[in-house]
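Structure first, then comments.
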Amino acid sequence: AMFTLMSYDKMYMDINLPEKYISEVNLGQEVLITNYTIEEDTLKGIVSELAPIISTETRTFKGKLQINNPELNLRPGMFVKADIIVAQKDSTIVIPKDIILSSNRGRSVYIVERSNARSRRITTGIENQDNIEIVEGLSVNDRLVIRGFETLRNGSKVKVIR
């Protein structure tokens, strides 16, 4: 009788890394793997291979991630999301990207000061898909306008709804 024995405690995932990120990714770098069906279960892995040459068809660098799968939650063929950690900071102000207004004068958000909306210029730092770090312009206790800010003007009266 013929049979195949497979071990899933370590798995590998092929990736195509866009050209613009190649300088930020190194072998051994930490990766967080999220399974689309069990999103709260994040697995850790590392970048285990990275091609030195870009693919001319896709304009990406081929690579491999090694994923630690001790609970055997991942199986071959499953769809997962891989987040390669390129920068990390602790104790910083982070806000949703979609509440930032951009103009030729720079980026700003609205804060609430004594029932009035005040435009506040901000300087941003590192970001992910949804959120962005605020390097300058906001304090921890500032109250941000997160709805209806598109039509506000500096000094507009606002009603705070929690």
Q: Looking only at the range 136-162, count how many residues are within 30 Å of Asp83 (Cα to Cα), assigned to a strand (DSSP E or B) and touching a residue at least 24 places away in the same chain (Cβ under 8 Å).
A: 1
Q: Kindly list, by first and then second residue, each pair from a residue in the range 2-27 that is assigned to a loop (DSSP other than H, G, I, E, B) to a residue that is of a type in the set (S, T, N, Q), limited to pairs with Cβ atoms under 8 Å and residues at least 6 apart or on different chains.
A: Tyr8/Asn69; Asp9/Asn68; Asp9/Asn69; Leu27/Ser48
Q) Could we say that Asp90 is within 21 Å of Asn154 (Cα to Cα), without any contact (Cβ under 8 Å) to a residue 40 or more places away in the chain, of a type in the set (Asp, Glu) and out of contact with any Phe, Trp or Tyr (no Cβ under 8 Å at 6 or more places or on another chain) here? A) no
Q.
Being part of a strand (DSSP E or B), hydroxyl-bearing (Ser, Thr, Tyr) and exposed (fewer than 11 other Cβ atoms within 10 Å of the Cβ) is the requirement here; does Ser48 meet it?
A. no
**Q.** Candidates Thr4, Thr58 - the one that is modelled with pLDDT under 85, more than 30 Å from Val135 (Cα to Cα), out of contact with any Ser or Thr (no Cβ under 6 Å at 6 or more places or on another chain) and not assigned by TED's automatic domain parsing to the domain that holds Glu136
**A.** Thr4
Q) Mind checking whether some residue in the range 116-135 is out of contact with any strand residue (DSSP E or B) (no Cβ under 9 Å at 6 or more places or on another chain) and not basic (Lys, Arg)? A) no
Q) When you look at Lys89, is it of a type in the set (Lys, Arg), under 22 Å from the mean Cα position of the chain (by Cα), in a strand (DSSP E or B) and within 22 Å of Gly28 (Cα to Cα), yes or no? A) no
Q.
Residue under question is Leu43, and the condition is that it be surrounded by fewer than 17 Cβ atoms within 10 Å (Cβ to Cβ), under 14 Å from Asp83 (Cα atoms), within 17 Å of the chain's Cα centre (by Cα) and hydrophobic (A, V, I, L, M, F, W, C); does it hold?
A. no
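The values are calculated or read from the model by the stated rules, or taken from the named source; none is laboratory data. Computed from a prediction, not measured in an experiment: that's the story for all the values here. Cβ atoms come from the backbone with ideal geometry, glycine included; neighbour counts cover every protein chain shown.
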